[in-house]
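Here's the structure, in structure tokens; my notes come after.
Taken together, the values in this text are just the output of simple stated rules run on the coordinates, not laboratory data. Keep in mind the model is a prediction, meaning the values are calculated, not measured. Glycine also receives a Cβ, built like all others from the backbone with ideal geometry; neighbour counts cover every protein chain displayed.
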Amino acid sequence: MIDLKELKKEFENCKCGMTHTLNIKDICVGSGITSEVGEILRKNNFQKRLLLVADKTTLSVSEGILDSLKGFSVTKKIYPFIREATVSEVQVIKELLKDCDGIIGVGTGTIHDICRKSAAELDKPLCLFATAPSMDGFASYNAPLVDGNFKITYSAKSPEVIIADTKILAKAPPELKSAGFGDMIGKYVGLIDWQVSSEITGEYYCEKVANLTRKATDRIFALADRITKDDEESATEVFEALLLTGIGMSFTKTSRPASGTEHILSHFWECKKLLEGEISDFHGKKVGVATLLIMKEYQRLYNKKSIKAHKEIIDWDDVLNNYGELKDEVIKLNTPDTITDDISPEIIEQKWDRIREIISSVPTEKEIFKGMKTAGCATSYEEIGISEKLMKQGLKYHPYMRRRLSLYRLSNMID
Ligand SMILES: [Zn+2]
Ligand SMILES: [Zn+2]
């Protein structure tokens, strides 16, 4: 069980120099806890008028939640089906939230992201009730939202209260649990990218927060064979690990501790599919497949004992062509300069041994593949409805949609 008090204390006066604060006041994970939701909210000072956001499925699996809210005056927003968190949906929720004192989001990623952003903008208390261990954003500070066809990570707020009923988590569809595993396994790439960027650009890095992510990811990795089982104990373990990486993001107020270039690749695919009017597969499923593709490249880099580096040569016409309608966003992100402009080739050559050491600090692509297979994850782009063309396009062009250095982007500077 996560001891919030202990955790906050552990991160006080951190050597990295940042004050690690946490907005989360209460985490309640337990078997059959759904009937206590109202009580938990009251205990955490939620006032009478409550907005409940869910979809039909997440509300029906959370049996008893409405009964537990007796005494509250509940406004309900129940979607028939919702897969994309959009900026326009945030507007809808904000309108409803104006007349309420607080908000509870029942579900996972999509619903939670909409609630997180709405609650942040109106500065209202937020409770997230989790219905599946499918992704790691529960404790996070950020909300990735689709605006037009572009996916942007906005800063929002982490919830005051997080509740999960392990009975519901255990009964979640295996596909969603495997997606949670895929999302977690991506942290290995994230850890590499964060450290490499810090070595090369001096970007802020906190060893302690990185270790929190590493420990949580290792814990899940070791549970691969229990991921899809209908078993409350493993569901609890997975959920807590997912929470911890979200807490890491909240501590640093960036997504660095929990997402690297594999998340950007997944976003690229998602945006491209949106342009075609298609909704893509679950977040964690895509992130898992992206992780394997990226780790393959990192392995290849690791195998080079020494390297020669040069300035990055970018054919912007070609890049922008590949972004099509999204090109204005990409121009904005790379103006007046692009992230590699200030990086000297010499520093990459000098730090190469260190970079190889960083790559070797996580499991190999082969090990990750094996773990993902065991955990029932999708492991190929075909399984997540991505064509070979889109897969390759994503690999080549995704780094330009985020102003952030990854080892993958850096590899453009290596002979
Ligand atoms: Zn720190
Ligand atoms: Zn994720």
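Things to note:
- Label-zone membership for region 202-241, site I347, 7 angstrom Cα→C-beta point, backbone N under 19 Å: 202-207
- Here the spin labels are modelled as points 7 Å beyond Cα on the Cα-Cβ line, and at K15 and N211 they lie 0.8 nm apart.
- Loop sites in region 370-403: trypsin sites (Lys or Arg not before Pro), DSSP, at most 13 other Cβ within 10 Å: R403
- Fraction of alpha-carbon pairs over 30 Å apart in region 4-172 - percent: 14
- Per-residue Karplus couplings for region 45-56, computed as 6.51 cos²θ - 1.76 cosθ + 1.60 with θ equal to phi - 60°, are listed in order as 6, 6, 8, 4, 8, 10, 9, 10, 10, 7, 10, 3 Hz, Gly and Pro entered as x.
- Extension gain for E357 to I152 (0.36 nm times residue separation, less C-alpha to C-alpha distance): 70.6 nm.
- Proximal lysines to K157, defined as alpha-carbon separation beneath 18 angstrom and excluding residues fewer than eight positions away on the same chain: K8, K25, K94, K98, K117, K124, K253
- The coefficient of translational diffusion for region 116-252, derived via Stokes-Einstein from the alpha carbon Kirkwood radius under 20 °C and 1.002 mPa s, stands at 136 µm²/s.
- Based on the Kirkwood approach, the hydrodynamic radius assigned to the chain is 21.8 Å, with every pair of different Cα atoms included.
- Acute angle (nearest 10 degrees) that the helix 174-185 long axis makes with the longest principal axis of the chain, alpha-carbon atoms: 50
- In terms of distances greater than 18 angstrom between alpha carbons, the cross-link table entries K15/K208; K187/K389; K56/K285; K308/K392; K43/K70; K215/K373 yield K187/K389; K56/K285; K308/K392; K215/K373.
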